[in-house]
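Undergrad: Just dropping this structure here.
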Amino acid sequence: MRRKLVAGNWKMNGNLAANSALLNELVAALGHAAPCDVAVCVPAPYLAQCQHQLADTVVSWGGQDLSAHEAGAYTGEVSATMLADFGSHYAVVGHSERRAMHGESNALVAQKTLRALRSGLIPIICVGETLAEREAGQTTEVVGEQLKAVLAVLEAADLTRLVVAYEPVWAIGTGKTATPAMAQEVHATLRALLAGQDAVAAAGTRILYGGSMKPDNARELMAMPDIDGGLIGGAALKSADFLAIIAASGAQ
Ligand code: PGA
């Protein structure tokens, strides 16, 4: 049985005061036992705040990206070891906004994944098709290529340490969600690809759904057999919504 994971992706939102209130509300409501693993992936400047406010709570934290390089003359980049230095547990890798706006290729996402794993972070590797790709019947091919590029650089043991997030690009921030059946179909495809590497490990790999997951659709999405939680954007910025999604993870 895979324990579900609900991870917030704050994107480029927040400030010290608002974060403090949000994190306090989460910690107060969750107490010592959450129905699933819970994390917030925050802008790098707020990692220290998370470390300070979330130490010894049930909420983990992480970054939203990391450099493919170890260290050196890469102005503006944040390394995996820096994320780890601030107690990060996770790093989102290959989010569609980075693929689209920063030109991140499948090969670069694979390098970043490796960097995260070798620094002890759990990468949350995002894959997903655009609307045009879905309408052209290319969903399986696109997400397959994205995942295969990562699997090509990993060792079998790494499979137990990574998280995959299926985020259809057309569902992100749009209010449009994949139906549970649509999402499940892609999740099953992704799990089959993972199983091609190592069937036992793949049975334990968590595959999250992301893209307008909200309190009113979280439960039915997470009830699907291969949907092991959510990567939550907009709804992670309001404690009531994020907490409702966390609660839905335990209501299967
Ligand atoms: P959304 O974003 O929940 O606001 O659609 C999800 C994501 O981009 O990770």
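What follows is calculated from the coordinates using simple rules that are stated; it is not laboratory data. Quantities reported herein were computed from a predicted structural model and do not represent experimental measurements. Glycine gets a Cβ as well: all are built from the backbone with ideal geometry, and neighbour counts include every protein chain shown.
Undergrad: Would segment 169-182 turn up any residue that is touching a Ser or Thr at 6+ places or on another chain (Cβ under 6 Å), away from the ligand (no atom under 11 Å from the Cβ) and not acidic (Asp, Glu)?
TA: Within segment 169-182, none of the residues are touching a Ser or Thr at 6+ places or on another chain (Cβ under 6 Å), away from the ligand (no atom under 11 Å from the Cβ) and not acidic (Asp, Glu).
Undergrad: Can you tell me which residue within segment 212-227, out of those that are part of a loop (DSSP other than H, G, I, E, B) and within 15 Å of the ligand (Cβ to nearest atom), is surrounded by the most Cβ atoms within 10 Å (Cβ to Cβ)? Give the steps one after another, and end with the answer.
TA: Initially, segment 212-227 is screened for residues part of a loop (DSSP other than H, G, I, E, B), giving 212-214, 223-227.
Remaining after also requiring within 15 Å of the ligand (Cβ to nearest atom): 212-214, 227.
Values: Ser212: 21, Met213: 30, Lys214: 17, Ile227: 27.
Selected residue: Met213.
Undergrad: Let me ask another. Take the residues of segment 61-96 that are under 15 Å from Leu208 (Cβ atoms) and of a type in the set (S, T, N, Q): which is farthest from the ligand (Cβ to nearest atom)?
TA: Restricting attention to segment 61-96, the residues satisfying the condition of being under 15 Å from Leu208 (Cβ atoms) are 62, 64, 89-96.
Pick out the ones that are also of a type in the set (S, T, N, Q) and you get 64, 96.
Details: Gln64: 9, Ser96: 7 Å.
Restricting to residues being under 15 Å from Leu208 (Cβ atoms) and of a type in the set (S, T, N, Q), the top hit is Gln64.
Undergrad: Turning to a different aspect of this structure: Please give the strands (runs of 3 or more DSSP E) falling wholly within segment 1-92 in which 3 or more residues are more than 18 Å from Thr113 (Cα to Cα) and of a type outside the set (S, T, N, Q). Write out each step before concluding.
TA: Numbers: elements: 5-9, 37-41, 59-63.
By residue number, 5-9, 37-41.
Undergrad: Filter segment 169-201 for residues that are outside any helix (DSSP H, G or I) and among the aliphatic types (A, V, I, L, M) and give the result. Before the answer, list the steps.
TA: Our first condition is that a residue be outside any helix (DSSP H, G or I); within segment 169-201, this holds for 172-179, 198.
Within segment 169-201, Ile172, Ala178 meet the criteria.
Undergrad: Something else: I'd like the residue in segment 98-133 that is assigned to a helix (DSSP H, G or I), over 15 Å from the mean Cα position of the chain (by Cα) and within 16 Å of the ligand (Cβ to nearest atom) and, out of all such residues, is farthest from Leu208 (Cα to Cα).
TA: Met101
Undergrad: Another question about this same structure. Here are the criteria: (1) touching a residue at least 40 places away in the same chain (Cβ under 8 Å); (2) buried (at least 20 other Cβ atoms within 10 Å of the Cβ); (3) within 15 Å of the ligand (Cβ to nearest atom). Tell me which single one Leu237 does not satisfy.
TA: All conditions are met except number (2).
Undergrad: What's the total number of residues in segment 11-46 that are in contact with a Leu (Cβ under 7 Å, 6 or more places away or on another chain) and either more than 20 Å from Ala248 (Cα to Cα) or of a type in the set (D, E, K, R) (or both)?
TA: 2
Undergrad: Filter segment 170-190 down to the residues that are among the β-branched types (Val, Ile, Thr) and either crowded, with 20+ Cβ neighbours inside 10 Å or touching a helix residue (DSSP H, G or I) at 6+ places or on another chain (Cβ under 6 Å) (or both), then identify the one that is nearest to Pro215 (Cα to Cα). Full working, then the answer.
TA: First pass over segment 170-190, keeping only residues among the β-branched types (Val, Ile, Thr): 172, 174, 177, 179, 186, 189.
Then keep just the ones that are either crowded, with 20+ Cβ neighbours inside 10 Å or touching a helix residue (DSSP H, G or I) at 6+ places or on another chain (Cβ under 6 Å) (or both); that gives 172, 177, 186, 189.
On the way: Ile172: 15, Thr177: 12, Val186: 22, Thr189: 26 Å.
In this case the residue turns out to be Thr177.
Undergrad: Which of (1) within 10 Å of the ligand (Cβ to nearest atom); (2) in a loop (DSSP other than H, G, I, E, B) is the odd one out, the single condition Tyr209 does not satisfy?
TA: The number of the failed condition is (2).
Each row is one residue, and each column tells you yes or no for (1) surrounded by fewer than 18 Cβ atoms within 10 Å (Cβ to Cβ); (2) touching a Ser or Thr at 6+ places or on another chain (Cβ under 6 Å); (3) under 14 Å from Asp65 (Cβ atoms).
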residue: Gly103; (1), (2), (3): yes, no, yes
residue: Leu114; (1), (2), (3): no, no, no
residue: Thr139; (1), (2), (3): no, no, no
residue: Glu145; (1), (2), (3): yes, no, no
residue: Lys148; (1), (2), (3): yes, no, no
residue: Glu155; (1), (2), (3): yes, no, no
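Undergrad: Take the residues in segment 51-100 that are of a type in the set (A, V, I, L, M, F, W, C) and in contact with a Lys or Arg (Cβ under 7 Å, 6 or more places away or on another chain), then tell me which one is nearest to Ala171 (Cα to Cα).
TA: We begin by selecting, within segment 51-100, every residue of a type in the set (A, V, I, L, M, F, W, C); these are 54-55, 58-59, 61, 66, 68, 71, 73, 78, 80, 82-84, 86, 91-93, 100.
With in contact with a Lys or Arg (Cβ under 7 Å, 6 or more places away or on another chain) added as a condition, the list becomes 66, 68, 80, 93.
Values: Leu66: 24, Ala68: 27, Ala80: 29, Val93: 18 Å.
Once the filter is applied, the top-ranked residue is Val93.
Undergrad: Consider segment 4-25. How many of its residues are within 16 Å of the ligand (Cβ to nearest atom), surrounded by 12 or more Cβ atoms within 10 Å (Cβ to Cβ) and among the hydrophobic types (A, V, I, L, M, F, W, C)?
TA: Total meeting the criteria: 5.
Undergrad: Test Met222 against the stated conditions and say whether it is more than 30 Å from Gly87 (Cα to Cα) and not hydroxyl-bearing (Ser, Thr, Tyr). Break it down into steps so the answer makes sense when it comes.
TA: Working: more than 30 Å from Gly87 (Cα to Cα): no; not hydroxyl-bearing (Ser, Thr, Tyr): yes.
Taking the combined requirement at face value, the residue does not satisfy it.
Undergrad: Among all residue pairs at least 6 apart or on different chains, which show Cβ distances below 6 Å where the first residue, located in segment 240-252, is part of a helix (DSSP H, G or I) and the second is surrounded by fewer than 16 Cβ atoms within 10 Å (Cβ to Cβ) and hydrophobic (A, V, I, L, M, F, W, C)?
TA: Partner pairs satisfying both residue conditions: Leu243/Ala29.
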